[in-house]
1. Scan the stretch 42-59 for residues that are of a type outside the set (Phe, Trp, Tyr), in contact (Cβ under 8 Å) with a residue 12 or more places away in the chain and either surrounded by 14 or more Cβ atoms within 10 Å (Cβ to Cβ) or touching a helix residue (DSSP H, G or I) at 6+ places or on another chain (Cβ under 6 Å) (or both) and report the count.
2. Considering every residue within the stretch 60-80, establish whether at least one is in contact (Cβ under 8 Å) with a residue 24 or more places away in the chain, within 15 Å of the chain's Cα centre (by Cα) and within 13 Å of Arg7 (Cα to Cα).
3. Of the residues in the stretch 92-108, how many are assigned to a loop (DSSP other than H, G, I, E, B) and either in contact (Cβ under 8 Å) with a residue 60 or more places away in the chain or exposed (fewer than 15 other Cβ atoms within 10 Å of the Cβ) (or both)?
4. Which pairs do you get when a residue that is closer than 11 Å to Leu52 by Cα, found in the stretch 20-31, comes within reach of a residue that is buried (at least 20 other Cβ atoms within 10 Å of the Cβ) and of a type in the set (A, V, I, L, M), reach meaning Cβ atoms under 9 angstrom, with the pair 6+ apart or on two chains?
5. Taking the criterion of being over 29 Å from His78 (Cβ atoms), basic (Lys, Arg) and at pLDDT 95 or above, would at least one residue in the stretch 112-126 satisfy it?
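The values are calculated or read from the model by the stated rules, or taken from the named source; none is laboratory data. All of these numbers come straight from a predicted model, not from anything done at the bench. Counting neighbours? That spans all protein chains shown, and the Cβs are built from the backbone with ideal geometry, glycine included.
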Amino acid sequence: MQYVPWRFIADWKCTSCGDCCRLYSVVIDFGEWLRIIKNYGVEYTMSGLSKLFISRRSDGSCTFLNNGSDIGLCQLQHMKPKACQIWPFKVLSTPLFGYPSESLYLYRGKSLFVYADPMCKGLRLGRPTFEFANYTLEEFVEIAAGIRSNQFRTTAGNRFPQPPTRFGALRGNGNL
């Protein structure tokens with residue numbers, strides 16, 4: 001996969017398509033894992049050889065994807081893992097995917113390299129808009145760095161469904 005440097009992106013807005021929740025496994029850190037199992041149970045997670053993940057349904061989608069409507073909404077909106085908060089962007093300390101000058105993002109005197117996954121339907125390629133370059137991208141960088149956790153520009157902004165209960169299926173969706 002060839003990631004796109006941020007300077008080739010005009011703008012980004014989440015379209016709530018849910019493709020990210022259907023196509024990718026979500027890696028979670030230990031703290032995120034603890035919050036999920038405390039609130040929903042260990043069956044909503046799984047482990048690999050060296051990583052923890054959110055579990056997936058038999059169709060391959062994330063357990064917390066609300067499949068009950070035409071739009072893909074996250075049932076974990078209130079405690080969404082960092083990997084989900086910053087997707088489709090990758091914020092790195094080195095230019096792993098090439099294009100060092102086009103991916104370079106200076107934040108508080110630190111050189112970072114920002115790329116996006118071109119599979120995301122919310123990306124609009126072109127010259128970065130002022131809002132994207134100065135506000136949206138900064139929010140992604142701050143979330144990646146752990147400086148910020150609240151999302152404003154980096155989420156769909158839709159009304160979110162109720163989260164699943166600890167011992168039951170998702171409300172309105174018994175497909176867990």
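1. The total comes to 6.
2. no
3. Of the residues in that region, 7 qualify.
4. Short answer, once both residue conditions are applied: Ser25/Ile54; Val26/Ile54; Val27/Ile54; Ile28/Ile36; Ile28/Ile54.
5. Taking every residue of the stretch 112-126 in turn, none turns out to be over 29 Å from His78 (Cβ atoms), basic (Lys, Arg) and at pLDDT 95 or above.
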